[in-house]
Every structure is written in C-alpha cells, then in structure tokens.
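Just below is one structure, and these are the notes that go with it.
Derivation of every value follows stated rules applied to the coordinates shown; laboratory data play no part. Because the structure is predicted, anything quoted here is derived from the model rather than measured. Positions of Cβ are generated from backbone atoms using ideal geometry, with glycine treated the same way; all protein chains shown enter the neighbour counts.
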Amino acid sequence: MEFINVIIKYIPLFLPAAWMTIQITVLGITIGVLLGLAGAFLRISDKWWVNAIARIYIFVIRGTPLLLQLFIFFYVLRQALSLDSMTAAFLALGLHNGAYITEIFRGSIQSIDHGQMEAARSLGMSYPRAMIRIILPQAFKRSIPPLGNQFIIALKDSSLASAITINEVLLQAQRLAAANYKMLEMLTIAAIFYLFYTSIFTWLVNRLEAWLNVDSK
Amino acid sequence: MLRIENLHKSFGDLQVLEGIDLQVKKSEVVVIIGASGSGKSTLLRCINFLEYSDQGKIYIEGQLLNEKNEREINQMRARVGMVFQHFNLFPHKTVIENVMEGLTQVRKISKFEAKKIAYKYIEKVGLTDKEKVYPAMLSGGQKQRVAIARALAMEPVVMLFDEPTSALDPELVGEVLLVMKELAREGMTMVVVTHEMGFAREVADRVIFMDDGQILEVGTPEDIFDRPQNERSQAFLSAII
Ligand SMILES: Nc1ncnc2c1ncn2[C@@H]1O[C@H](COP(=O)(O)OP(=O)(O)OP(=O)(O)O)[C@@H](O)[C@H]1O
Ligand SMILES: [Mg+2]
C-alpha cells in the first residue's frame, strides 16, 4: 500500500518532465517525417548522386549510436549554432528518426505497383502530379504501421536526452530517487508515463489506419 | 491516324523490336497476335512512350512525337487511351473518381462537368450502379470495364489494349469483349493485343502476326486465320486454335 501511496504522491512532480518528453518526441518526429519525405524522394531518384546523398545520410545515422548523435548536437553544434539544450535534443532526435523514416517512406512508395504510375502517366499526368495524386496517398497508407512503430521507438529513445541534461521523464526519476532513495517507485512512475504514451500512440495509429481504410484495400 | 516507322527497342542485349512499320487508319481495328515474348506489349508501350524506343518515328494524327518534349508527350498520352492487362485502377478512388481523375487533373475540366462526363462513360460500360464503389469491391470484368471508361472519358483518338481479358476468369471475358465490340462498331480506332481469336475474327479490320520483334504477316482476319502464309504464323495458329 505504501508503494502505491508513494507513486500517487510523486506523480504530479513528474508532470513538467512528462511535458518535456512529449515535446521533444513530437518535435523530433515532426522533423523526422519531413526529413523522411525529403529523403525518400532523394532515394527514389534515378540520378545516382541525388540517391547518394540520401544513402550517405542513412549510412551515417544508422551506423552510429543515437547517444553519440545527441552528444554532437549538445557539445558541438549547440555552441556553434547557439541553440538551447532542448533544441539540440529534438534536432538530434529529428535527424536520427529522419533516416529511419526515409527508409519507411521509400519502401512504401516502391511497394506501390508500377502499374499505378503507368496508368496515371498514360492519362497524361506529369510525374509529380501522378506522385501526389496516385502514388503518395497509397504509399502513405502503407507506411502507417511501420511509422507508428517508429514513433514508439522515438518516444522511448527520447529518454536518452537525459544524458544531455534534458529534464525529461527518466532524468526526473533519477533526480527524485537521488533525494528520496525510492528508486523502484520513481522508475515505476517513469514506466507508467511511457506506457501511457505508447498506448495513446498505438490507439491514434490504429484510428488513423481504420480511417484511411475506407476503400478496404 | 497512327504511323510507326522503323521502330527499334532493346532491353540491354535483348532486341525486342527490330524495325516495326505500322500504319493505322482512323476507325480501323488492328489486332496484334504472336507468341509470348514476341514484343507485342513493348510495341504498344512504345506508342505512348511508357517505353522509350531506341530508334524510329511515331506519328499520331500526323504529328511526329519528340520523346524529349515532356509536355508534348503528356498531351499525346491524354489523347491515347491505354487499357492494361491488370486494369491498374486507382484503389484509393471510387469508380467515378477513377474515371474523373484524368478529366480534372489533365484536361482541367471542372469537377461538376467531369462528373457528368464520367457518368456518361460509366453508363456506357454498364456500371451505373457501381459508381460510388471502390475497385476492391468489383469483379475483374467490372474492373476492366471501369478501366475502359477511364480511358474513354479522355475522348482519345486511339485506344490501345494490352491483353485486356487475359487476367480474367473465363466467364468474365465476354462482358469486356462486348464493350470493345461496341466501341469498334462506333468507329473507335483501336490497336488490340489479344489471344481472343474469336474477337479478332469478328472485329479486326487487320490482323498482325508478330514474332521475335518483327511483323511477319499482316492481313484480314480471313487471310491470317484461314490462309496463313508464313510458316511461323501457321505453327502459332495451329497451336492455339
Ligand atoms: N522492362 C523490361 N526489361 C527487360 N526486358 C523486358 C522488359 N519488358 C519486356 N522485356 C522483355 O522483352 C521481350 C518482349 O516482351 P513483351 O512484353 O513485349 O512481349 P509480349 O509479346 O507482350 O509477350 P506476352 O504475350 O507474354 O505479354 C520479353 O523477352 C521480355 O522478357
Ligand atoms: Mg504482353
């Protein structure tokens, strides 16, 4: 009982940190989606050097730890560009997620049957118009499940920002535990927040999918 | 109407078209037959530049097409209807939206007008009760009729059909051929790749036999089916009839 009482008592102290977690996650995802869209277009280009830009981006980001990327933003770019810590955090998260989301979008665009583009072009549509009207709506729908998955990964990865002094949920748990010696309770509260967020994300993604599934295919 | 001169196309080392010459007059129905891999699809796809030929000239309504001019190609495609073996309907759009798409997006017709035109062609292929349905809910034959309506709505000067009934269950072939026969009767210029010899015999003005990227024999359906001259066409025809 004591355990539950401690948790209830301390939850309100987590609210600012929970808000921070949500902010850096949502901003990171937003940047990631924008970079992912841009990256996917580079990736499907048939000009090798355009393609190469995206490949190098993905190679570097996927081949190095997120923590290292956060450090680069925090210790190097933050000073150079005079950013605040939070901005450094969500930019790093955005850049990181952008590489994965590029591959998600590229995969879903390329999974659309080639006949769709041909049918659109044979009506006289230009390539960009065919992309926008015919390919992307279908590709976007297909990218929802992996995108939802990536969003959940991004949420959990935001905890790494604790290493660059961002007072998000996990760092808050550590700080409170250092003062009250109730590590298990504080970590449980942090877990509750993450589970709460991932449940909401999952629910939102399912709703979006159901809503986009009106054509039942 | 449509004139092809000395068309060549290869994929890597594989020569697929080796000097095709073909002229199609207005309201003429030309049926192309030939073994698998003989280059029939490639020929059709070169006509509206879904494939770029290596050499040769294509004229549509007297206009020589320049493959480097993207705008010109798009304008030409809007006037050349294409029907694919696998329908290629847009699955995220309803039947009427599929038919309206080219009208609103390419011909820049208002939604209101486009709807009226689209409805007319949906009626023509006998699917008025399905206009608000998504393609996933249609049978193969119905899908292909929508695809024909989508192409017709652009009011093309020529229609290209690439094995329009090959992906259909046998009992659904008839309804699609019926629509095509009706089109031919109305004077539509058509180039049809098909294995439906009954259709060819009944509707074609000319039948072309292709083999290994070349036109080996051209003639009326009677010439080709009853008195084939070339031994390759004799062999092909005796194998399929
Ligand atoms: N995009 C491509 N890349 C490489 N080879 C191709 C391509 N498209 C077609 N081919 C080859 O070109 C040859 C002719 O193909 P095409 O599709 O024109 O034949 P077809 O007469 O339509 O045959 P089918 O009756 O099977 O449809 C085949 O050997 C095919 O494998
Ligand atoms: Mg073919």
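Odds and ends about this structure:
- Taken residue by residue and averaged, Cβ atoms of other chains lying within 10 Å of the Cβ of B:40-53 number 1.
- Helix B:70-79 and the long axis of chain B differ in direction by around 80°, with both axes built from C-alpha atoms.
- The range A:73-127 and the range B:1-52 have Cα centres separated by 40 Å.
- Principal-axis tilt of helix B:170-185 within chain B, Cα atoms, nearest 10 degrees: 90
- Antiparallel %, DSSP beta bridges [both residues in the protein assembly as shown], to 5: 55
- Hydrodynamic radius (Kirkwood) for the range A:82-153, which is based on Cα pairs only, to one decimal in Å: 14.0
- Here, P(r) means the percent of Cα pairs in each 10 Å bin from 0 to the largest distance; for chain B it is 8, 31, 36, 20, 5, 0.
- Listed from fewest to most Cβ neighbours within 10 Å, the set B:Met197, B:Met82 follows the order B:Met197, B:Met82.
- Among complete DSSP H helices in chain A, those whose alpha-carbon atoms stretch at least 18 Å along the helix's long axis and whose mean Kyte-Doolittle hydropathy reaches 0.5 are A:2-43, A:48-62, A:85-110, A:183-212.
- Cα-based helix-to-principal-axis angle, B:111-124 vs chain B, degrees rounded to 10: 50
- Inter-chain Cβ neighbour count for B:72-81, averaged per residue, equals 3 (cutoff 10 Å, partner chain atoms only).
- Of the residues B:Ile47, A:Ile132, B:Ile117, the one with the fewest other Cβ atoms within 10 Å heads the list, and the complete ranking is A:Ile132, B:Ile117, B:Ile47.
- For the range B:102-189, the share of alpha carbon pairs falling in successive 5 Å distance bins from zero is 3, 13, 24, 25, 20, 11, 3, 1 percent.
- Electrostatic dipole magnitude of the protein assembly as shown [Cβ: Lys, Arg +1; Asp, Glu -1; Cα centre; debye, to 20]: 1780
- When only alpha carbons are used to place a centre, the range A:1-46 and the range A:169-201 end up 15 Å from one another.
- Expressed per residue, the C-alpha convex hull volume of the protein assembly as shown stands at 197 Å³.
- Over all projection directions, the Cα-based convex hull of chain A averages an area of 15.0 nm².
- Theoretical FRET efficiency, 1/(1+(r/R0)^6), r = Cβ-Cβ of A:Ile153 and B:Met137, R0 41 Å, to 0.05: 0.70
- Expressed as a whole percent, the proportion of Cα-Cα pairs in the range B:45-162 lying more than 26 Å apart is 23%.
- Placing unit charges on each Cβ (+1 for Lys and Arg, -1 for Asp and Glu) gives the protein assembly as shown a dipole about its Cα centre, and among B:Tyr119, B:Val30, A:Tyr197 the Cα reaching farthest toward its positive end belongs to A:Tyr197.
- Charged-residue dipole, Cβ positions (Lys, Arg, Asp, Glu), chain A about Cα centre, Debye nearest 20: 400
- Divide the volume of the convex hull around the Cα atoms of the range B:11-95 by the residue count and you get 154 Å³ per residue.
- Residues B:Ser233, B:Ser166 arranged by fewest to most Cβ contacts within 10 Å: B:Ser166, B:Ser233
- Neighbouring Cβ atoms from other chains, within 10 Å of the Cβ of residues in B:82-94, number 5 on average.
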